[in-house]
């Protein structure tokens, strides 16, 4: 039988989601917990890969187990066993062919910037003064992302993807108190894409890059023409959507 687990994690102590040689990862931590609790060698497949230091407010994985599971009991046991920076929301049986990565139809990210020093946001937001940032122009430039599909200019240079096409459905900046937050949703994202997008939009906000020049960067497909990637600590995977049918088990 196949199960999905919905969870969240604080990424500071992890070298990303995916298992890495000699590095601490969220995937390895969850696999170890499941293997111990279910007394079996459990491997999991995540809905995507987050880089070192990136956080997830909502993340899904799937795993197979031959026996039926008391889902509420396993959730409780996992939360008792896992470290404090990983929290399980639910364990749910899904259709046998449900795939946490390939069946996701959209993903949403937020990048958070704190505009004043806040000790409680030190590990989860980039500290930056709002002075000198033209948020209106940053939003105008962000809207151009919805007009394009090829985002090679924002992709990590050495990557094994077959296509750089992404369908972005929303991209905008908003203020929440003393935080400036970038929200973006798409059917898929490239490695390092959101951090590179944010870094380039900040160049627009500082008047170092005009809105037409921002669009030229997209058209160039050249990573060297885009801005530097912002720090990982301000990036959150916030939502992953699936077709309802995956969760209908007869």
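Have a look at 240, 230, 217 and point out the one that is over 17 Å from residue 51 (Cβ atoms) and surrounded by 14 or more Cβ atoms within 10 Å (Cβ to Cβ).
Every option except 217 fails the conditions.
Would you tally the residues in segment 97-119 being surrounded by fewer than 12 Cβ atoms within 10 Å (Cβ to Cβ) and in contact with a helix residue (DSSP H, G or I) (Cβ under 7 Å, 6 or more places away or on another chain)?
So the answer is 0.
Going by the conditions given, is residue 119 out of contact with any strand residue (DSSP E or B) (no Cβ under 8 Å at 6 or more places or on another chain), at pLDDT 95 or above and not assigned by TED's automatic domain parsing to the domain that holds residue 164?
no
Of all residues in segment 37-82, how many are within 30 Å of residue 160 (Cα to Cα) and part of a loop (DSSP other than H, G, I, E, B)?
The number of residues fulfilling the criteria is 12.
Go through segment 85-107 and give me each residue that's farther than 22 Å from residue 14 by Cα and assigned to a loop (DSSP other than H, G, I, E, B).
Of everything in segment 85-107, those that are farther than 22 Å from residue 14 by Cα and assigned to a loop (DSSP other than H, G, I, E, B) turn out to be 95, 96, 97, 98, 99, 102, 103, 104, 105.
Among the numbered criteria (1) touching a residue at least 12 places away in the same chain (Cβ under 8 Å); (2) closer than 23 Å to residue 240 by Cα, which single criterion is violated by residue 28?
Unmet for residue 28, out of (1) touching a residue at least 12 places away in the same chain (Cβ under 8 Å); (2) closer than 23 Å to residue 240 by Cα: (1).
Return the residue satisfying two criteria in turn: it lies in segment 212-250 and is assigned by TED's automatic domain parsing to the domain that holds residue 142 and free of Cβ contacts under 8 Å to residues at least 24 places away in the same chain, and of such residues it is farthest from residue 184 (Cα to Cα).
Across segment 212-250, the extreme among qualifying residues is 224.
The values are calculated or read from the model by the stated rules, or taken from the named source; none is laboratory data. Computed from a predicted structure; not experimentally measured. Please note: Cβ atoms are built from the backbone with ideal geometry, for glycine as well, and neighbour counts cover all protein chains shown.
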